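The values are calculated or read from the model by the stated rules, or taken from the named source; none is laboratory data. Keep in mind it's a predicted model, so treat the numbers as computed, not measured. All Cβ positions, glycine included, derive from the backbone under ideal geometry; neighbour counts span all protein chains shown. Ligands, DNA and RNA are excluded from the accessible area calculation, which covers all protein heavy atoms including side chains. Shrake-Rupley method; radii C 1.70, N 1.55, O 1.52, S 1.80 Å.
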Amino acid sequence: MTVETSAAQTEVRHSPLEGWRGGRADRLRLAEVPYLAMVNLRVDPAGPVAGRIAALLGVELPTEPNTAVSSPAWSVLWLGPGEWLVLGPDGAAPDLVELLRGLLAGQRGSAVDLSANRTTIELTGPSAREVLEQGCPLDLHPRVFGPGRCVQTMLARAQGVIWRPSEYGADRGTGEVFRLLVRGSFAGYLAAWLTDAAGEYWAVAPQ
């Protein structure tokens, strides 16, 4: 007997940090933000298609190194000259890639869905920066790394992107907010490192 199973029934997603509970204290909160749409975009920012892409995303592609901009729907992080990471809501990547590739037809550029490649860990609170500075060689002080900044760097020997969201997607009332975009293969290691680095803030160690 043959049983047909729909794609919806067979598709079961598992976050790289499934089962990790993060942690919460007065001055710090750790949590995963799973399943964000992530699209790598490469295009000439001075070319004719860049304006049409900006209209699609509702925001201009940032050209200043290590900056990020956001609209209500999308955030666009500068990764290098002519390269960006576009972040959006769960499930939005396939449609966005199709639209971007339509705009890029006949032009030099690419749009690739990387949603399954990385997950996101969010640190929120007045002590978030103190925890990150234990494993990051960069100056994360707000005078040089305020909201709207992003950087590709090493954190506790794991490669990833550190991003400070601006007005969209961040809780503005709880102190500094950082999001770490890390490959799934390093996510468990980095989550464990963050939990340990934040140990002094927990009244009870998170499970």
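Points to keep in mind about this one:
- For the stretch 119-148, the candidate set comprises residues that are in contact with an Asp or Glu (Cβ under 9 Å, 6 or more places away or on another chain) and free of Cβ contacts under 8 Å to residues at least 12 places away in the same chain; within that set, the residue that is farthest from ASN66 (Cα to Cα) is GLU133.
- Filtered by the rule that a residue be touching a strand residue (DSSP E or B) at 6+ places or on another chain (Cβ under 8 Å) and of a type in the set (D, E, K, R), the stretch 27-76 gives ARG29, GLU32, ARG42, ASP44, GLU60, GLU64.
Here's the yes/no breakdown for (1) farther than 26 Å from GLU176 by Cβ; (2) within 18 Å of the chain's Cα centre (by Cα):
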position: GLU98; (1), (2): yes, no
position: ALA111; (1), (2): yes, yes
position: ALA116; (1), (2): yes, yes
position: PRO126; (1), (2): no, no
position: GLN134; (1), (2): no, no
position: PRO137; (1), (2): no, no
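- Residue list for the stretch 63-74, restricted to those being modelled with pLDDT of 95 or more and either open to solvent by less than 10 Å² (accessible area, probe 1.4 Å) or among the aliphatic types (A, V, I, L, M) (or both): ALA68, VAL69
- Test result for ARG101, modelled with pLDDT of 95 or more, open to solvent by 60 Å² or more (accessible area, probe 1.4 Å) and among the basic types (Lys, Arg): yes
- Where strands (runs of 3 or more DSSP E) fall entirely within the stretch 57-135, those with at least 2 residues that are of a type outside the set (Asp, Glu), over 14 Å from CYS150 (Cα atoms) and touching a Pro at 6+ places or on another chain (Cβ under 9 Å) are at 118-124.
- The stretch 1-38: number of residues that are open to solvent by 70 Å² or more (accessible area, probe 1.4 Å), at pLDDT 90 or above and part of a strand (DSSP E or B): 1
- Just one of the listed residues (ALA116, ALA158) is in contact (Cβ under 8 Å) with a residue 24 or more places away in the chain, open to solvent by less than 40 Å² (accessible area, probe 1.4 Å) and within 22 Å of GLU32 (Cα to Cα), and it is ALA158.
- Only residues that are part of a strand (DSSP E or B) and either open to solvent by less than 20 Å² (accessible area, probe 1.4 Å) or modelled with pLDDT under 95 (or both) were counted across the stretch 136-150, and they come to 1.
This table checks each residue for (1) buried (at least 18 other Cβ atoms within 10 Å of the Cβ); (2) at pLDDT 95 or above; (3) touching a Cys at 6+ places or on another chain (Cβ under 8 Å).
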site	(1), (2), (3)
ALA111	yes, yes, no
PRO126	no, no, no
GLN152	no, yes, no
TRP163	yes, yes, yes
SER166	yes, no, no
ALA205	no, no, no
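- Among (1) in contact (Cβ under 8 Å) with a residue 12 or more places away in the chain; (2) open to solvent by less than 60 Å² (accessible area, probe 1.4 Å) - the single one GLY51 does not satisfy: (1)
- For the stretch 44-79, the set of residues classified as under 19 Å from VAL97 (Cβ atoms) and among the aromatic types (Phe, Trp, Tyr) consists of TRP74 only.
- Tabulated pairs, the stretch 13-26, first in contact (Cβ under 8 Å) with a residue 40 or more places away in the chain and basic (Lys, Arg), second open to solvent by 70 Å² or more (accessible area, probe 1.4 Å) and assigned to a loop (DSSP other than H, G, I, E, B), C-beta under 9 angstrom, 6+ apart or interchain: ARG21/GLN207
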